[in-house]
Every structure is written in structure tokens, then in C-alpha cells.
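Take a look at the structure set out below.
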Amino acid sequence: MQRLDGGAVAPGNLRGGVVALGNFDGFHLGHQAVVGRAIARARAEGRPALVATFDPHPVRFFRPETPPFGLTTIEQRLGLFERAGADAAVVFRFDAALAALSAEAFVADRLVGLLGVAGMVTGEDFTFGAARSGDVGVLARLGDLHGFAHEAVGPVSLDGAPVSSSRIRAALKAGNPQEAARLLTRPWAIAGWVQHGDKVGRTVGYPTANLDMGAYLRPAYGIYAVRGRLADGRVLQGAANLGVRPQFEPPKELLEPYFFDFSGDLYGQGLEVELVEYLRPEEKFDGLEALVAQMDRDCARAREVLGNASTARA
């Protein structure tokens, strides 16, 4: 899959495509329906299938003081688009210039001029353009004007409620990663580069691979059963503390997975950590001995959970 700059002319082999357009943060069931429809149309018409998204998220541009809320990084999203079958991903840099474009100018300049779109697919609630002046009705009208066909895909519902990024965020904040995984169709995962920490864990027999939370949503603090995926394809199982480590001073917000039966050096490596199940909240113990005893219990429970999860997938 090719990555295209949303501010540059698309190469000839990718012009005249069907484009799925949206933020797609999380790439949940609803997003997958939009992208899947665009890919199906593209294949039926013999056209390239493109997925277009925005980075950073428009909310981050307009309200930079907003607490972290991201469900995916742009790199994770692109990987998900590729696995869905897209031929290319278009990343529109959301800056002051893009924010100032009217809906008409965005369509004429970026979608028609730079991408040469032949078809568009969005969700029914998609809005765009300065002051959110564009919606699916505007896209239909502009499609007639510029010669492309627009299609709006309705929401996907589970348990009588629409699947949405806000619903997934609420599940994670409530300490329910299983519900988030059901809506995402995969476990929610935090990706980053393993950094050096205080190295306290190794002194008590639990060395951890530390990840900064960055722009990700902060789910419920606590201990999780986790699965780690390395860049070389290896999959590790473990338990992780996500939070501010109340046992140690000063408080420092980190995701700290400990991987069972693993002794390699992960510093500086890329790592993606899936939250499989929430085990308990963070707490402060009366000394390291009590902490280690609880960590032993946490790891035993995590092994049980992950063993059951592996059996369920088989």
C-alpha cells in the first residue's frame, strides 16, 4: 500500500479511484463498513481503492488543550487500512491552511484536483470544510458538479447502539477492554518505542518494557493481562501496570509490561501492547515484599486469562 501526501498530486495509477474519507480513529466496525464499501466499489469498477484520513485529528488542532483521546496513531491506522485491502492511504495534514478551506474548495482542490476522485464513500454523519460547512448532502451536490458519485454508509450497531469511537473510549475508561475489542474487532493496542526507566522492576524479578502513553487515550489505571507484538513478528504474553506507579516516587505515567519467560533486550525497539483484560486497580502496598507478592498473583491470573483467550481463538 502506498502512502500519499494529501497536499500533493496523486500518481497517475492512483487517480480516478474510489476514496473512503474520514478520521477513522480506532478503525472500528463502523469505519470498517465505510472502507469496505469503498474497496468493494473500487474492485467492481476496476478502480484503485484509497482511504483518506486526517493527521492530527481536527479536535487536536482546534482544541489543543483537550486531554489525550487517541485510539490509534497514524501509523497504526495506515497498517489497518492496508490489511483491509486499500491500494493507497491519503494523509491530509490538518493545519491552519486546511482548516480554512471551504467545503467546496476542499472538494475541488484536494479531492478532484489532487486525487482525481471518481467515487467517494463516507459515514452518514461525516462533516468537513471550514466551520464544518460540508456534510453528505454537500458531497452529493458537489459530486454531481464535479462528476463523482458519493455514497453515505449508515452506522453499524451492536446491542442496539451505534458503534463509535466515543463508545470505545468509554469502555476503556471503565476498565473494560473486552468491550472495546468487540467494537474494534481486535484488542485495543498501544504502540511505541521501548524506553529506559528507573530499572526498579529488574531488582525485584520483574523487568519491564516501558512505553510512554503519548497522545493515546488514558484508559482505567491498573493492572492488565497483555499481549506484546514485536516488529519481528514475535508475540509475547505478560502483565502490565498502566498508570502512575503509586509505589514509587515521583509518580510517572507509563505503560510497563512484564513479559513471561522472556529475557531479551527490548530497549529502543518498536513494541505494540494489546490490553486483553483488566485485572485490578493500581494501589500502594506496605513495602516491596507485599508488592512482589501481589505481582506474583497478578502474573498467575494474567497467565490464566491469556491461556483462556488463546483457547477461545483456536
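The values are calculated or read from the model by the stated rules, or taken from the named source; none is laboratory data. Just so you know, these numbers come straight off a predicted model, no measurement behind them. Note that each Cβ is placed from the backbone with ideal geometry, even for glycine, and that neighbours are counted across all protein chains shown. Note: areas computed on protein heavy atoms with side chains; ligands, DNA, RNA excluded. Shrake-Rupley method; radii C 1.70, N 1.55, O 1.52, S 1.80 Å.
Just the residues that are open to solvent by 50 Å² or more (accessible area, probe 1.4 Å), in contact with a Phe, Trp or Tyr (Cβ under 9 Å, 6 or more places away or on another chain) and closer than 18 Å to Asp5 by Cβ, please, taken from the range 58-90.
Phe61
Examine the range 66-76 for a residue that is of a type in the set (D, E, K, R) and over 16 Å from the mean Cα position of the chain (by Cα), and state whether such a residue exists. Please lay out each step first, then the result.
Here is the first cut: in the range 66-76, the ones of a type in the set (D, E, K, R) are 75.
This time we only want the ones that are over 16 Å from the mean Cα position of the chain (by Cα), so: none.
Within the range 66-76 (the criterion being of a type in the set (D, E, K, R) and over 16 Å from the mean Cα position of the chain (by Cα)), the answer is no, since none of the residues qualifies.
Among the residues of the range 274-305, which ones are under 20 Å from Gly205 (Cβ atoms) and either in contact with a Pro (Cβ under 8 Å, 6 or more places away or on another chain) or among the acidic types (Asp, Glu) (or both)?
Glu282, Glu283, Lys284, Asp286, Glu289, Asp296, Asp298, Glu304
In the range 150-194, which residues are open to solvent by less than 50 Å² (accessible area, probe 1.4 Å), in contact with an Asp or Glu (Cβ under 8 Å, 6 or more places away or on another chain) and not aliphatic (A, V, I, L, M)?
If the condition is that a residue be open to solvent by less than 50 Å² (accessible area, probe 1.4 Å), in contact with an Asp or Glu (Cβ under 8 Å, 6 or more places away or on another chain) and not aliphatic (A, V, I, L, M), then Gly154, Ser165, Pro177, Pro187, Trp188, Gly192 are the ones that fit.
So, of the residues in the range 270-289 that are at pLDDT 90 or above and not in a strand (DSSP E or B), which turns out to be least open to solvent (accessible area, probe 1.4 Å)?
Among those residues, the one meeting the criterion is Glu282.
Which one is nearest to Asp5 (Cα to Cα) among residues in the range 101-111 that are open to solvent by 40 Å² or more (accessible area, probe 1.4 Å) and in a helix (DSSP H, G or I)?
Residues of the range 101-111 that are open to solvent by 40 Å² or more (accessible area, probe 1.4 Å), as a first pass: 102, 104, 109-110.
Applying the additional criterion that residues be in a helix (DSSP H, G or I) yields 104, 109-110.
On the way: Glu104: 20, Asp109: 14, Arg110: 11 Å.
Only one residue tops the list, namely Arg110.
Just checking, how many residues over the range 112-125 are surrounded by fewer than 20 Cβ atoms within 10 Å (Cβ to Cβ) and within 25 Å of the chain's Cα centre (by Cα)?
Residues meeting the conditions: 2.
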